[in-house]
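The values are calculated or read from the model by the stated rules, or taken from the named source; none is laboratory data. A quick note: this is a predicted structure, and the numbers were derived from the prediction, not measured. Methodologically, a virtual Cβ is constructed for each residue, glycine included, from the backbone with ideal geometry; neighbour enumeration extends over all protein chains shown.
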Amino acid sequence: MLGRTSAWWSRLALSAVIGLAAANFLWQLGSSSYFVDEVESVTVALHPLGGLLHAISTSEISPPAYFAFLHEWLGHIGSSAAWVARLPSALGGAALVGAVYWLASVLCGLPGVETVLTRDDAAQLFHLHPGRIGDLAVLGDVSTVFGDLPEGQESEMLPAEYRSHGSQHEMSVPLVAWNNDHPYLGTPEHNKDLLTPLLTAWLR
């Protein structure tokens, strides 16, 4: 019974996430006129099918599949209004939000996975540059680290003193400052909190 309830709540949460994403993307979809890049995309897509590839090759560096789809979409709808041209991308964006949510739930259920974070949450929690993080950040549990394994091997026993990164269960590493007359006020919370006092004392 517990499994059924959990699965029901999971499906409900997924539907709610997709619904909120769709509402966010679709809200006032056609309230603004075309942006410059949208004008270029629609102009290319409105070419006759026979000249579409040539138009893409001379004015676009994006893959041609999107423009071929947009060509057919605008042709079947019979309108090139801004909201019509944006609708496929908006629906695709909502579907992508749902796909990322589903992927995170699948990853959370894998053995050894403790937490799955979004890019923004991981960047804020670990003080990382968001541009260097994928859509999701996966953290291992207390007995798991991630890494390459030989082909056909699913796991590997590591020594107890093995030092790794990628979880919240890393070993504490002591730091000793010798002949430093710049006392710390309390215990530094992050490694970066050590840098300024150490450099200040060293440069004196």
Task: Residue tally, condition of a type in the set (S, T, Y) and touching a helix residue (DSSP H, G or I) at 6+ places or on another chain (Cβ under 6 Å), over the stretch 34-52 - done: 1
Task: the stretch 124-148, residues that are among the charged types (D, E, K, R) and surrounded by 11 or more Cβ atoms within 10 Å (Cβ to Cβ) - done: D135, D141
Task: the stretch 10-61: number of residues that are at pLDDT 85 or above, among the polar types (S, T, N, Q) and surrounded by 12 or more Cβ atoms within 10 Å (Cβ to Cβ) - done: 3
TODO: Kindly check whether there is at least one residue in the stretch 23-32 that is under 26 Å from F146 (Cα atoms) and in a helix (DSSP H, G or I).
DONE: no
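Please tell me if R86 is basic (K, R), under 30 Å from D120 (Cβ atoms) and exposed (fewer than 11 other Cβ atoms within 10 Å of the Cβ).
Spelling it out, it is not the case that R86 is basic (K, R), under 30 Å from D120 (Cβ atoms) and exposed (fewer than 11 other Cβ atoms within 10 Å of the Cβ).
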TODO: Considering every residue within the stretch 137-151, establish whether at least one is part of a loop (DSSP other than H, G, I, E, B) and of a type in the set (G, A, S).
DONE: yes
Open item on the list: Restricting to the stretch 43-73, give me the number of residues that are more than 24 Å from A21 (Cβ to Cβ) and in a helix (DSSP H, G or I).
Closed with: 19
- [ ] Scan the stretch 75-91 and give yes if some residue there is assigned by TED's automatic domain parsing to the domain that holds S15, modelled with pLDDT of 85 or more, assigned to a helix (DSSP H, G or I) and touching a Pro at 6+ places or on another chain (Cβ under 8 Å), otherwise no.
- [x] no
